[in-house]
1. Under a 5 Å amide H to amide H cut-off, with H placed in plane at 1.01 Å, what residues pair with A:A184 once short-range neighbours are removed?
2. Other chains near A:179-192: what is the mean number of their Cβ atoms within 10 Å of each residue's Cβ?
3. Counting only the backbone N, which residues of the range B:452-489 are under 20 Å from the spot 7 Å out from the Cα of B:F371 toward its beta-carbon?
4. Once the Cα atoms of helix B:311-332 and of chain B are each reduced to a long axis, what angle between those two axes, in degrees from 0 to 90 to the nearest 10, is obtained?
5. I'd like the carbon and sulfur percentage of the solvent accessible area for the range B:293-345, probe radius 1.4 Å, heavy atoms only, ligands and nucleic acids excluded.
6. Can you list residues whose amide H is under 5 Å from B:G158's amide H, if they're 5+ apart or on another chain and H is modeled 1.01 Å from N?
7. Once the Cβ-Cβ distance between B:D528 and A:R111 is put in as r, and R0 is 56 Å, what FRET efficiency do you end up with, to the nearest 0.05?
8. For the range B:160-247, just the Cα set please: Rg and Dmax, both in angstrom.
Amino acid sequence: MSLRHHDLVGAAIAAVLCAAVVLFVPVTAIRAVFATPLCLILPGYAVTVASFAGRKLSRAHLLTLSVAMSLATLATGAVALNFLPEGLRSGWWVGLIMLIVLGGCGVAALRRSPSAESRPRDRLPRVRRVDAALLLGACAAVAGTFTLSYTPLPARHVVGYTELWMLPAGTAGTPAVRVGVVSAELHPLAYRLELRLGSRRAIMSLRFALKPGQAYEKLVPVASPATGASTEITALLYRNDRATAVYRRVTGWLPPVPREPR
Amino acid sequence: MVTLAAFRQDVRAIGAAQTTWRSSRLGRVPLIACLASIGLLVCSVADALSRATLAPSLMIFWGGLLLIVLPIFYRLSSAEASSSERFALVCLLGLTLYAVKLARDPFSYTLPDELIHAYNANQIARFHTLFHGNPILPVSALYPGLEGTTSALMSMTGLSSFGAGLIVIAAARLVMVSALFLLFGRISGSSRVAGLGVAFYVGNSNFLHWGAQFSYESLALPLLVVVLVAVAERDTPERSEARAWAVPIILGTAAVVVTHHLTSYALATVLVALALVHLVVRRRARTPNPWPFAALALAFAACWLIVVASITVGYLSPVLDAAFKATLHTVSGEAAPRQLFQSTGSGFATPAGERIVALMSVAILAAGLPFGLWRAWREHRTQPLVPLFCVAAIAYFGTLALRFAPQAWETGNRASEFLFIGLAFVLACSHLERYSPRRARRLGRVLLAGCLGIVAMGGVISGWPAPSLLSQPLLVTAEGNRIESEPLGFARWVSRQLPGRRFAASDADARLLLDHGRATAFTGHAGDIEDILQTPTLPPWQLLDLRELDVRYVVTDSRRRSFDITTGYYFSVTPPAGTPDTLLPAAAADKFERVRAPRIFDSGSIIVYDLDGRP
C-alpha cells in the first residue's frame, strides 16, 4: 500500500488505532467512541474501496455504502464467527474487522492503477460565521434535548409501591428465610414487618423506615416446629400510617423436621 | 426524458470536485439544522412533561415535529438547493426523527419487539454463540443479523444491549434515508425528486416508531434498499462498472437473509420481478439483467429457511392465513369491520382532530397518485424499477383497505413499509413544487411542504396510538432518589434474586423479565398463559400446561394494562396524568394460593408464586 493512497493508509491506521483502544483501554465510554467507527464505518469503507478501486464514487455513495456494508459485514460476520470454537468474542471480532479493513485496503491499493490519483484530499467547506453560530446553536439544542431526556424527573401523579419478598435460605438442618423490602413510594414511609410461623403468633417483629429507593433485607433463621410436616411461614408488612391493614404479604414453606424418637 | 447522466453529475458533485466544496457554502443546512434541533428540543420538552405526569398537550409535540420537518420539506422542494445540500438534509431528517424516538424512550427499550431482540443480543453476548432460542418469539433467534451486529459492539465496548442497539439502529436509519435518496435519484435523474421521495417516505406510518425500534426489520429494510441502489446502479452498459456493484448486492443480500425473514422474501420477490421487467423493457438494451442476483437471493433465502429457520413457515403461515380469512370474512359481511382509529390493546380512540389529519394525509396521497403515476410512467418507464414502484404505489392503497379487517390490519400495516417506497417515488414525481403562478411564485413549494407535513403527521397518527406518542413514566425521582415502575422494579429484583429462572407472565412483564430480569419468560398463547393469568379458577389443565413449559414461577399482575405491550411497562398514574388502572379480579392471583404455592413476591399489583415450592 503506497503512501500515495492516503485515504487507504488513513483507514488502515484508524483501524489499528481503534482496535488498540478497544482491546487495551478498559473504559466503556472511550471504547464506545473508538469501536463505533471500527464496527460501523471502516469495514464497509474497505469493502467499498476494494470493489470500486479506480472508479469515482460520490461522497454520498461512499458514506452510504461504508455504513451499509459495515452493517452487512457484521451481520454476516456473526454467522461466520459462530462456527469458530471460541465463538463471538471481542478478540475475534477485532481480528475479523482488521482482516477486512486491511485486506480491503490492500486489494484497493493493488487494483488502483499506478498512475491513477487516489481520492483527492477532502477539504471541509468554508463555513461562514453565521453558519458556525447556527451549527453551534443546533449542537446546544441537541445537548439540551439529551440532557433533558436522560434526566429522571419527579412525577407527582404516579402511584408508588413497596416490594416485599421472601426466599428460602440456610440449609436443611438450619432453615432460614431471607426477607426483603424495597420502597418505591413517593415519600419516606415507616413499616412494621412481622413473621409468623404456621398458625402461631408472630415470631419476629421489626420496625424500620425507608426512603424512596431504599431497601431493607434480613436473614432470619427459623426453628421449625418438629411436626413431621411442612410449616407455613408468612411475612406481613404493615405501614405505620395504616397500622392494622396488611400492606404486603408473602408466604413460604419450611421443610418438615422429623420428630425425635422418645 | 431526464437523463441519468444529469443525476450522476449532480451526485458526483457532492464529493468529486474539491474545488466546488471549497467555494461552496453549506447552503441552508446550518439554519435548517438549527430549526430541526429546536424542534427536537420542543419534542423532548413534551416528553419530559409527560414523564413528569403533567399531562402536556400533544400540540407541543406536533409543534416540535413540524418544526423539524417543514423547513426540510420546504428546502427540498426548492430548485436552488445543491445535490449535496439535499443529501445532507435527508440525513438530517432521518437522524433527527430517530432522535425524537430516543427522546421518547431514554431509559430502556419499550417498543413491542425491542425487549425480545435485546434478550437475543444479551444471550449472544453472554454465551458467545448464536441461536439460543427465544421463549416469546422463537423465530427471532434464528435471524441473528441485528443481534449479531449489536453483540459485536457490546463485546468490544462493554455497552449494554440498549446502548449498543441505539447506535446500530441509528446507523441503519442513516442508511435508510441516504439509500432511498440515492435510489430515487438514480432512477429519476433528479436530486430534487430524490429528496422529495425521502420526504414522502417519512410519512409512512411505521417510520417514526415501528421502523426505528430495535428489531430485525429495522436493519433488514435499509439493507434491502441498499441492494436496490446497487442493482439500479449496475444497470449500465459499462461491464466493469456493473461488476463493481456485485459485491454490495451479494453482501447486502446475504445480510438481509440472515437478518429478517419477510424482508428477505420481499427482496427475492423484487429481484425476480425486476429480472422479468428487465426482459420486457430492456430487451434491446445491453444493460445486464439482474437475474443472477434474483436467483442468488432466492437460493440464500431458501437455504436459510430450510437449514436454519424452518419454523418460520409455522410462524408466518398462521398470521397470513388469519389475515386472509379475516379479509374474506369482512368483505363477505360475515364479520364486522374493524373500527378505525381504535387501539386494539388499550381500546383508546384517536381524538377527532387527529383523525381528520390522518384522513387528510390519505387523501393527499390518493390525490397525488394519478399525477405521480402519469409523470413517473411518462418520464422514467424505461427504468426497470419504475413499473414495480407504480404497482407498489397502487398496492399501498390495497393495504389501507386491510385496516378494516380485524386480524389483517397488522399485516397491511407492516406491508406498507415496503410498498411506501414505490409510493414515495411516484408521488415525488408528481412535481407539485413546480406549480408557481405569477402572483405567488412559491405557492407550489409551500403547498407541497404543507402536504408533506400533513402526510408526516398522518403517518405518525396512524402508526402509533396517541397516548403512547409521548414518553411515559418508567423511571422517576422521589425525594431525590430514583425509583422505577412496578414491572421494571420487579424485573430488576428477578435479575438480582432469581436470574435465569423460568417464569410465566403477562405480555409486558414477560418482556421486561427477558431483558432486565435476565430470566426466561413465557407469555401470550404459549401454554395458554394469557388465559391462565386472567381466569379466576385453576382447573387442572392450567397446572399441566405450566408444567409442560417447565415454568417454576407464575407472575400475576392485576393491572389489565400488563397485557398491553405498548403501555404495560410504566408506572400506574392518577388523574390528570391518566386514568387509574382497571384491575383483574383478585381471584386470578389468589387461585394459586389454593394449591398452596408459596407467594414469594408482592408489590401490590404484581405477585409471584413458586409452583415448585409447594409442600
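1. HN-HN under 5 Å from A:A184: A:Y161, A:T162, A:E163, A:G213.
2. Details: counts 0, 4, 0, 8, 4, 13, 3, 5, 2, 3, 0, 0, 0, 0.
Mean shielding count: 3.
3. B:452-459
4. Tilt relative to chain B: about 80 degrees.
5. Values: 2290 of 3190 Å².
On the range B:293-345, the fraction of accessible area on carbon and sulfur atoms equals 72 percent.
6. none
7. Values: r = 61 Å, r/R0 = 1.08.
After rounding, the FRET efficiency stands at 0.40.
8. Here Rg and the maximum Cα pair distance are 14.7, 48 Å.
The values are calculated or read from the model by the stated rules, or taken from the named source; none is laboratory data. Computed from a predicted structure; not experimentally measured. Positions of Cβ are backbone-derived with ideal geometry, glycine not excepted, and every protein chain shown enters the neighbour counts. Heads up: the accessible areas ignore ligands, DNA and RNA and are worked out on the full protein's heavy atoms, side chains in. Shrake-Rupley method; radii C 1.70, N 1.55, O 1.52, S 1.80 Å.
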